[in-house]
Amino acid sequence: MSLATPTTSFMCDIAGGLAHITLNQPDRGNPVDGDFCRQFSVAMAELSKRDDVRAVLISARGKLFSVGGDIAAFERQGAGLPATIKQWTADLHAAVVRMKRMRAPVVAAVQGHVAGGSVSLMAAADMVVIGKSARITSAFTRIGFSPDTGSTMTLTARMGPARAKRFFLLGETLDPDAAQSAGLVDVVVEDDRVMAEAERIAREFASGPTEAYGGIKRLFLQAPNRSFESQLEEEAQTLAAIAKTADVQEGIKAFHEKRNPKFEGR
């Protein structure tokens with residue numbers, strides 16, 4: 001099954017609970033442009049509400065994951081650039097919010113180079129698998145820009161505020177080992193194993209307890225903004241709600257029967 005709304009910027013296929021988004025402009029370096037922002041927003045709105053989507057895998061065709069913002073398009077805008085940025089970010093930021101808030105875990109498979117706002121797309125994933133030859137670049141200050149795409153939130157959540165700020169201020173480029181040490185990526189593998197490993201993790205999520213995953217995502221998303229006592233109560237309320245699900249009953253039954261549970265995501 002494919003996404004209801006076809007796109008030109010990426011492909012999206014849904015099978016076995018897994019939605020696979022493939023960035024599909026390899027000849028251009030899979031840039032973030034107006035079409036991508038608009039189409040990605042529509043896609044995430046649909047995927048985040050579908051019961052048959054229990055995990056999302058984001059990958060890219062070509063040698064690069066994404067060069068980030070389409071600088072050539074920025075140049076063409078001239079004095080209209082501020083309005084263009086507001087239009088693009090309205091769509092793109094809505095998509096990132098849905099990625100972070102949807103119950104389905106998101107896995108990013110990163111090869112080649114990833115730069116600018118696409119670094120935040122990567123960081124917004126729940127698991128990031130990256131090839132050993134890949135590089136991660138904060139390109140914003142190199143063209144006089146400040147970050148967007150939720151970068152100051154998604155990278156801070158992974159790296160901490162001081163390390164994330166340094167990454168942006170210095171316009172750093174990180175290799176996978178440095179990125180993993182900083183918490184920006186989760187798994188580093190040989191280049192030819194990126195897709196296989198990312199898909200393995202994504203399929204494991206797609207067959208797991210989806211409501212529990214969603215609860216974990218929400219709890220960690222709101223934890224920095226809550227008091228300790230408030231977060232403890234939210235944990236209790238979330239667990240009590242999830243305890244009503246069929247997957248919990250299956251998990252408990254499987255535990256007593258000494259077998260692997262068969263979760264259905266409900």
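Among (1) touching a Phe, Trp or Tyr at 6+ places or on another chain (Cβ under 6 Å); (2) farther than 30 Å from G208 by Cα; (3) in a helix (DSSP H, G or I), which single condition is A95 missing?
The number of the failed condition is (2).
With (1) more than 19 Å from the chain's Cα centre (by Cα); (2) buried (at least 20 other Cβ atoms within 10 Å of the Cβ); (3) within 23 Å of D177 (Cα to Cα) as the list, and K132 as the residue in question, which single condition is left unmet?
Condition not satisfied by K132: (2).
Would a scan of the stretch 101-122 turn up a residue that is surrounded by fewer than 17 Cβ atoms within 10 Å (Cβ to Cβ), assigned by TED's automatic domain parsing to the domain that holds M195 and over 23 Å from E197 (Cα atoms)?
Within the stretch 101-122, one or more residues are surrounded by fewer than 17 Cβ atoms within 10 Å (Cβ to Cβ), assigned by TED's automatic domain parsing to the domain that holds M195 and over 23 Å from E197 (Cα atoms).
Kindly indicate which of E199, E204, E211 is closer than 22 Å to S66 by Cα, of a type in the set (D, E) and assigned to a helix (DSSP H, G or I).
Only one candidate passes the filter, namely E199.
Taking the stretch 254-265 on its own, how many of its residues are surrounded by 12 or more Cβ atoms within 10 Å (Cβ to Cβ) and part of a helix (DSSP H, G or I)?
Number of matching residues: 1.
What number of residues within the stretch 141-195 are crowded, with 17+ Cβ neighbours inside 10 Å and polar (S, T, N, Q)?
4
Would you say D52 is surrounded by fewer than 17 Cβ atoms within 10 Å (Cβ to Cβ), touching a strand residue (DSSP E or B) at 6+ places or on another chain (Cβ under 7 Å), outside the structural domain of A223 (by TED's automatic domain parsing) and among the charged types (D, E, K, R)?
yes
Quick one: how many residues across the stretch 232-248 are touching a Lys or Arg at 6+ places or on another chain (Cβ under 7 Å) and not in a helix (DSSP H, G or I)?
1
If I ask for residues that are acidic (D, E) and at pLDDT below 95, which ones from the stretch 74-108 would you list?
Hit for the stretch 74-108 is E75, nothing else.
Could you tell me whether the stretch 172-195 includes any residue that is closer than 20 Å to V53 by Cα and assigned to a helix (DSSP H, G or I)?
Yes: one or more hits.
The values are calculated or read from the model by the stated rules, or taken from the named source; none is laboratory data. Keep in mind that what you see is a predicted model, and the values were worked out from it rather than measured. We place every Cβ from the backbone using ideal geometry, glycine too, and count neighbours over all the protein chains shown.
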